[in-house]
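I have placed the structure first, in the form of structure tokens, so that the comments after it can refer back to it.
The values are calculated or read from the model by the stated rules, or taken from the named source; none is laboratory data. Quantities reported herein were computed from a predicted structural model and do not represent experimental measurements. All Cβ positions, glycine included, derive from the backbone under ideal geometry; neighbour counts span all protein chains shown. Note: areas computed on protein heavy atoms with side chains; ligands, DNA, RNA excluded. Shrake-Rupley method; radii C 1.70, N 1.55, O 1.52, S 1.80 Å.
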Amino acid sequence: MMIYPIPLSPGDRVALVGPSGPVPPERVQPAVDAVKALGLVPVLFPSATAARGYLAGEDRQRAKDLTDAFLDDGIRGILCIRGGYGAQRMLPYFDPRAAVSHPKVFCGYSDITAIHTLLNQTGEGLVTFHTPMPSTEWYKGLDDYTLASLKNLLFDPWGEWTFPGSAPGTPAPEVIVPGKASGQLAGGNLSLVASSLGTFYEIDTRGRVLFLEDVDERPYRLDGMLTHLRNAGKLEQCAAILLGYFTNCTAEEPARSLTVREVIADVVEPVCRERGIPLVTGIPCGHSLPTASLPLGTEGIVSAGADGSFSLGYSRVIGEGSCTVSIEIDG
């Protein structure tokens, strides 16, 4: 059974850490102000303002910050201030047992996928939140859809979590392979998921609802990463596959390239049809706004209808009972 973090409350102290890339100096204070606007008390750890080339300081310092934030009983939540690159480099210096022994809200996405996967798969597993980050989205001001979804995970008891449905002004998710399935919600950024293969930190997709998104990758690069997952047997092991936004993933010469949709049709769809794995694209989550926040590690319940209807519910067993919440999206 997964470990669920205690929800945050107004006035809680939250750590701002930088496990990956450095924050541009001019974004630090706006990021702090954005966190304060949610009623939280931000505490800047050294890595949140450090810089060493394309990294937010030395690997060991970034790992120490993350460890210290989990072990500090005065800190109620941990917000990764930005992504970029570097989380995988610091993993060998970070002991995830500090997190599962002192569970608390942990947020971030993109490069932070490496940490999500580790925490979700350590021991019983800690439920973590795939959310926007203070110095990449929050500081600009979040739209109502994105803010409501974020606050839903941060402040509401798990039994009240809901998938927020279609984002305003965006197409509804597309059901490619219909079906029903359930399993732990896993994944995040495709680049990080693919590069975990063959390492101690490799993602486990067995019986899981796999979510993937990415940004600024050419279609042939997405093809390579999805093919790598397919050839490693990771796709056929899934209970369901949900694909989010692939932002700015276009070819320099479109006439000489496949589209992202064609890549999915060639590489992912045949596996799903052969195995009866529900496949849905266009989930409103990724490197763009508006975007939904997702509780990775919780039980996801997918219903994808042949009529285009789609729902994602979250469930957790409590003793001999259970609670499930979901929202329908009509295609």
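Determine which member of the set G165, G183 is at pLDDT 95 or above, over 27 Å from V41 (Cα atoms) and surrounded by fewer than 23 Cβ atoms within 10 Å (Cβ to Cβ). Matching residue, one of G165, G183: G183. The single condition among (1) on the phi < 0 side of the Ramachandran plot; (2) at pLDDT 95 or above that G286 does not meet is (1).
Restricting to the stretch 195-214, and then to whatever is in a loop (DSSP other than H, G, I, E, B) and aromatic (F, W, Y), can you tell me which residue is farthest from the chain's Cα centre (by Cα)?
Of the stretch 195-214, the ones in a loop (DSSP other than H, G, I, E, B) are 196-208.
Narrowing the set further to residues that are aromatic (F, W, Y) leaves 200-201.
Working: F200: 20, Y201: 16 Å.
The residue in question is F200.
Residues in the stretch 282-317 that are touching an Asp or Glu at 6+ places or on another chain (Cβ under 7 Å), open to solvent by less than 40 Å² (accessible area, probe 1.4 Å) and either assigned to a strand (DSSP E or B) or free of Cβ contacts under 8 Å to residues at least 12 places away in the same chain (or both): S311, Y314, S315. Scanning the stretch 116-136 for residues that are buried (at least 24 other Cβ atoms within 10 Å of the Cβ) and either farther than 26 Å from S196 by Cα or among the β-branched types (V, I, T) (or both) gives T117, V127, T128, T131.
Restricting to the stretch 25-52, name every residue that is more than 22 Å from D12 (Cβ to Cβ) and in contact (Cβ under 8 Å) with a residue 12 or more places away in the chain. Full working, then the answer.
Taking the stretch 25-52 and keeping what is more than 22 Å from D12 (Cβ to Cβ), we get 25-27, 50-52.
Of everything in the stretch 25-52, those that are more than 22 Å from D12 (Cβ to Cβ) and in contact (Cβ under 8 Å) with a residue 12 or more places away in the chain turn out to be P25, R27, A50, A51, R52.
Only one entry of L235, L226 meets the criterion of being crowded, with 22+ Cβ neighbours inside 10 Å and either modelled with pLDDT under 95 or outside any loop (DSSP other than H, G, I, E, B) (or both), and that entry is L226.
Does R208 satisfy the condition of being at pLDDT 95 or above, crowded, with 21+ Cβ neighbours inside 10 Å and within 26 Å of C272 (Cα to Cα)?
Here the answer is yes, as R208 does meet what is asked.
Could you please find all residues in the stretch 66-78 being farther than 13 Å from P7 by Cα, buried (at least 16 other Cβ atoms within 10 Å of the Cβ) and either touching a helix residue (DSSP H, G or I) at 6+ places or on another chain (Cβ under 7 Å) or at pLDDT below 95 (or both)? The answer is T67, F70.
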